[in-house]
Amino acid sequence: MKAARVSALIALSLLFAAPALAQQASVRLTIKDHKFSPAEVRAPANQAFTIVVKNLDSTAAEFESKSLRVEKIIAPGGEVSMQIRPLNAGRYRFFDDFHQATTEGELVVE
């Protein structure tokens, strides 16, 4: 009897936790012609979220942000996903380290 109650409580907690996990914010970017699109993206403050970057160029790119503390190489035609910690409201610059002159963007956290 006690094991059945524990199992039921675990099942219930997973049922209620699943929607919370599924609601994590996601920011999507593409790189084409060594430019981010969109160049400015938004994310919620004080919540973890994911940045997904798709490289549509025929050369590699390196998504980098010193303020976000992240850098990832993206193969030509490839895609990367990065988990970002909860951030305070503000603006966070990112760029393609291989093409800094043309590939720059900003994350606005609000």
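Listed values, structure above:
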| item | result |
| --- | --- |
| Rg and Dmax [Cα atoms of region 24-109; Å; Rg one decimal, Dmax integer] | 11.8, 36 |
| Distant-in-sequence amide H partners of Val27 (H built 1.01 Å from N, under 5 Å) | Thr50, Ile51, Val52 |
| Rounded to 5, the percent of DSSP beta bridges in region 24-109 classed as antiparallel | 65 |
| Share of carbon and sulfur in the accessible heavy-atom surface of region 40-95 [1.4 Å probe, %] | 50 |
| ³J(HN,Hα) computed for each position of region 58-68 - Karplus, 6.51 cos²θ - 1.76 cosθ + 1.60, integer Hz, glycine/proline x | 8, 10, 5, 10, 10, 6, 9, 8, 5, 6, 8 |
| Accessible area of Ser58 in the full protein assembly, 1.4 Å probe (Å², nearest 10) | 110 |
| Within region 87-110, backbone nitrogen closer than 14 Å to the virtual label 7 Å beyond the Cα of Glu71 toward Cβ | 94-100 |
| Long-range amide H partners of Thr103 with built H, under 5 Å | Asp96 |
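The values are calculated or read from the model by the stated rules, or taken from the named source; none is laboratory data. Everything numeric here is computed off the predicted structure, so don't read it as measured data. All Cβ positions, glycine included, derive from the backbone under ideal geometry; neighbour counts span all protein chains shown. When the accessible area is computed, the model is the full protein with side chains, heavy atoms only, and any ligands, DNA or RNA have been set aside. Shrake-Rupley method; radii C 1.70, N 1.55, O 1.52, S 1.80 Å.
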